[in-house]
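Peer 1: Dropping a structure here in structure tokens format, bear with me for questions.
Just so it is clear, none of the values below were taken in a lab; they were calculated from the coordinates. Because the structure is predicted, anything quoted here is derived from the model rather than measured. Positions of Cβ are backbone-derived with ideal geometry, glycine not excepted, and every protein chain shown enters the neighbour counts.
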Amino acid sequence: MNFDGAKGYKPEMFEHYTKVCEVAGMQERDLETVFKILNGYYYNEETDTDETFDAFVSGFEMRTFLNKKTKEVRQVRDMHSLSVGDIVEDTVTGTFHMVDGMGFSEINVNSLEVA
């Protein structure tokens with residue numbers, strides 16, 4: 001993660017990023033909607049569910065926790081919310097965007113520039 005957003009990003013940093021998940025139907029969504037989906041905007045506190053996330057997000061790992069006192073086993077997504085410095089790939093256009101403090105900036109992920 002790069003806390004300066006695109007301002008502090010250099011293409012050679014891209015190799016240190018790891019794909020965390022996929023958001024289906026990217027061609028029908030703008031970056032702001034993807035941001036909302038990955039930040040729990042559609043989470044329903046009453047039912048403890050996020051049907052939008054469940055319908056459109058895949059490819060993430062799950063982590064299992066055991067409460068030693070109650071012996072309750074709980075699985076949670078092994079990912080954080082979309083934050084400044086994270087990268088979103090638009091597989092339709094082949095472009096990459098970094099989350100900035102406000103909005104997104106398109107970035108170059110190739111460390112070799114062609115003049």
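Peer 1: At a 10 Å Cβ-Cβ cut-off, how would you order 43, 9, 17, fewest neighbours first?
Peer 2: Values: 43 13, 9 20, 17 16.
Sorted ascending by nearby Cβ count, the order is 43, 17, 9.
Peer 1: Which loop-located trypsin sites (Lys or Arg not before Pro) does segment 30-83 contain, where loop means any DSSP state but H, G, I, E or B and the Cβ has at most 12 other Cβ atoms within 10 Å?
Peer 2: 68, 69, 71
Peer 1: Let me ask you something else. Show that you can apply the helix-only estimate: for the chain, add -39,500 (n - 2.57) for every DSSP H stretch of four or more residues, divide by all residues, and state [θ] at 222 nm to the nearest 500.
Peer 2: That comes out to -3000 deg cm²/dmol.
Peer 1: Right, here's the next one. Please state the relative contact order of segment 5-107 as a whole percent: Cα pairs under 8 Å, 6+ residues apart?
Peer 2: 28
Peer 1: Another question, then. Count neighbours as other Cβ atoms within 10 Å of each site's Cβ, and list the GluC sites (Glu not before Pro) in segment 27-115 that are DSSP loop with at most 11 such neighbours.
Peer 2: 45, 46, 61, 72, 113
Peer 1: Then there's this: Within straight cross-link reach of residue 10, meaning Cα distance under 23 Å, which lysines are found once same-chain residues fewer than 8 apart are removed?
Peer 2: Leaving aside lysines fewer than 8 places away in the same chain, those within reach of residue 10 are 19.
Peer 1: With just the Cα atoms defining each centre, how far is segment 11-53 from segment 63-115? Give it in Å.
Peer 2: When both Cα centres are located, 8 Å separates them.
Peer 1: Rank 98, 79, 62 by mean-square fluctuation in a GNM of the chain with C-alpha springs under 10 angstrom and give only the top-ranked residue.
Peer 2: 62
Peer 1: Give the Cα extents of the chain along the principal axes, in whole Å, largest first.
Peer 2: Principal-axis extents of the chain (Cα, largest first): 61, 31, 23 Å.
Peer 1: For the residue pair residue 17 and residue 61, what label-to-label distance in nm results when each label sits 7 Å from Cα along the Cα-to-beta-carbon direction?
Peer 2: It is 1.9 nm.
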